[in-house]
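The values are calculated or read from the model by the stated rules, or taken from the named source; none is laboratory data. Please read these numbers as outputs of a predicted model, since none were measured by experiment. Don't worry about glycine lacking a Cβ; one is built from the backbone with ideal geometry, like all the others, and counts go over all protein chains shown.
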Amino acid sequence: RKEAQLDEEGQFLVRIIYDDSKTYDLVAAASKVLNLNAGEILQMFGKMFFVFCQESGYDTILRVLGSNVREFLQNLDALHDHLATIYPEREGLQDIVIGIIKTVAQQIHGTEIDMKVIQQRNEECDHIQFLIEEKESKEEDYYEDLDRFEENGTQESRISPYTFCKAFPFHIIFDRDLVVTQCGNAIYRVLPQLQPGNCSLLSVFSLVRPHIDISFHGILSHINTVFVLRTKEGLLDVEKLECEDELTGTEISCLRLKGQMIYLPEADSILFLCSPSVMNLDDLTRRGLYLSDIPLHDATRDLVLLGEQFREEYKLTQELEILTDRLQHTLRALEDEKKKTDT
C-alpha cells in the first residue's frame with residue numbers, strides 16, 4: 001500500500017467499489033516489490049479470488065455450473081452476464097481469468113489445463129480470445145448419440161400461435177433475413193413496433209451478448225450461448241427519467257431481454273425464448289411491465305422479488321460495514337493517544 005501511495009485508512013471493504021486506478025496501482029506496486037511481472041500477479045489474484053469465493057460461500061454455485069470444464073465455461077457466461085449488470089467491465093485483467101479458470105479446473109473438476117491468450121482486443125475484435133487445453137481429465141467425455149433417440153411428437157403441432165404467444169409472452173421468432181414473424185404478448189405490448197412480417201430485428205434491438213455481428217449464421221454458430229438483446233433508445237413508451245438505476249448503472253429507457261436462441265428447422269427460423277433482465281420491481285415498472293407479465297413457470301418472478309429484498313439488505317450491510325470500519329479506526333486512534341499519554 002505504501003509503494004502504491006494509497007491514502008486509504010483502515011482495511012479495504014468488500015462491499016465498497018473502489019476506483020480501478022487503485023487496483024492497477026496495487027498490482028504495479030506488488031510487481032515491483034515481489035519482482036514479478038503484472039501477469040503473474042494477476043494470475044495469483046485469480047487463484048486467491050477462488051479461495052475468497054469458497055470462504056464466502058459462492059463455491060456452491062461454481063460447482064453446479066457444469067460436470068466438466070467445458071460445461072462449466074458454457075454456463076459461466078450466463079453467470080458473468082448477471083454480474084456484468086452490477087459491475088462495470090474492466091480492461092487489462094485477462095490474467096485474472098486465467099488464474100480463476102485454472103484453479104476452478106483443478107479444485108472442482110480435478111483436471112489440469114493449459115490456458116493462454118491467442119487474440120487480444122483490437123479494432124477488428126472487441127473481445128479477448130483464450131485457448132484452453134486439458135492436459136488430462138479424470139472424467140470421460142460423454143457425447144449423446146442423437147440417432148439412438150426417436151423423435152418425440154412427430155405429429156403436427158397442437159398449439160396455435162395465439163396460445164403460444166400467451167404461454168410465452170417473452171419470445172421472438174425471426175427468419176433468415178432477421179424479419180420478425182412472431183412475438184409474445186408482453187413484448188408486443190411495450191414494443192408495438194414489432195409488427196410481424198414488417199419489422200427487422202435490427203431496427204428494434206442491438207446485441208449486447210455475445211460480442212458478434214448479429215446475423216442468422218452468426219447466431220447459429222453461437223447457439224449454445226446466452227443471448228442478451230437491448231432495445232434501442234427512444235423505442236420504449238415509458239416516462240423518461242434523468243436518473244440511472246442504482247445497481248445496474250444502465251439507462252432505464254432501455255429493455256434488456258436475456259435468453260436462448262433455438263433453431264426451428266421446420267420453419268428455417270430462430271426462436272429467441274427470453275425473459276426481461278430486471279433486478280427489482282422498480283426496474284420492472286419503469287419499463288412498462290408488470291409482475292403479471294412474467295409467466296408462472298418463469299423463475300424471473302422469484303428473482304425480481306428476491307432482488308427487492310436484497311437491495312434493502314445490501315444497503316443495511318454496507319452501512320454496517322462502513323460503521324464497523326470507522327469504529328475500528330477510532331479505536332486505533334484512541335490507543336495511539338493512550339500510548340502518547342502514558343509516555
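Considering ALA267, ALA333, the condition of being outside any helix (DSSP H, G or I), of a type outside the set (Ser, Thr, Tyr), out of contact with any Pro (no Cβ under 8 Å at 6 or more places or on another chain) and loosely packed, with under 13 Cβ neighbours inside 10 Å is satisfied by ALA267 alone.
Assess whether HIS217 counts as being out of contact with any Cys (no Cβ under 8 Å at 6 or more places or on another chain) and surrounded by fewer than 12 Cβ atoms within 10 Å (Cβ to Cβ). It is true that HIS217 is out of contact with any Cys (no Cβ under 8 Å at 6 or more places or on another chain) and surrounded by fewer than 12 Cβ atoms within 10 Å (Cβ to Cβ). Could you tell me whether VAL238 is modelled with pLDDT under 90, within 23 Å of LEU281 (Cα to Cα) and assigned to a strand (DSSP E or B)? So VAL238 fails the test. Taking first residues from the stretch 37-64 that are within 15 Å of LEU26 (Cβ to Cβ) and partners that are at pLDDT below 85, the Cβ contacts under 7 Å between residues at least 6 apart in sequence or on separate chains come to LEU42/LEU93. Scanning the stretch 15-37 for residues that are closer than 30 Å to LEU316 by Cβ and part of a helix (DSSP H, G or I) yields ASP20, SER21, LYS22, THR23, LEU26.
Of ASN122, ASN152, all but one fail to be surrounded by fewer than 16 Cβ atoms within 10 Å (Cβ to Cβ), modelled with pLDDT under 90 and more than 28 Å from SER269 (Cα to Cα); the exception is ASN122. Residues in the stretch 283-302 that are assigned to a helix (DSSP H, G or I) and without any contact (Cβ under 8 Å) to a residue 24 or more places away in the chain: LEU284, THR285, LEU291, SER292, ARG301, ASP302. Checking the structure you have, find out if any residue of the stretch 68-83 is in a loop (DSSP other than H, G, I, E, B) and either modelled with pLDDT of 80 or more or touching a Leu at 6+ places or on another chain (Cβ under 8 Å) (or both). Looking for residues that are in a loop (DSSP other than H, G, I, E, B) and either modelled with pLDDT of 80 or more or touching a Leu at 6+ places or on another chain (Cβ under 8 Å) (or both), one finds at least one in the stretch 68-83, hence yes.
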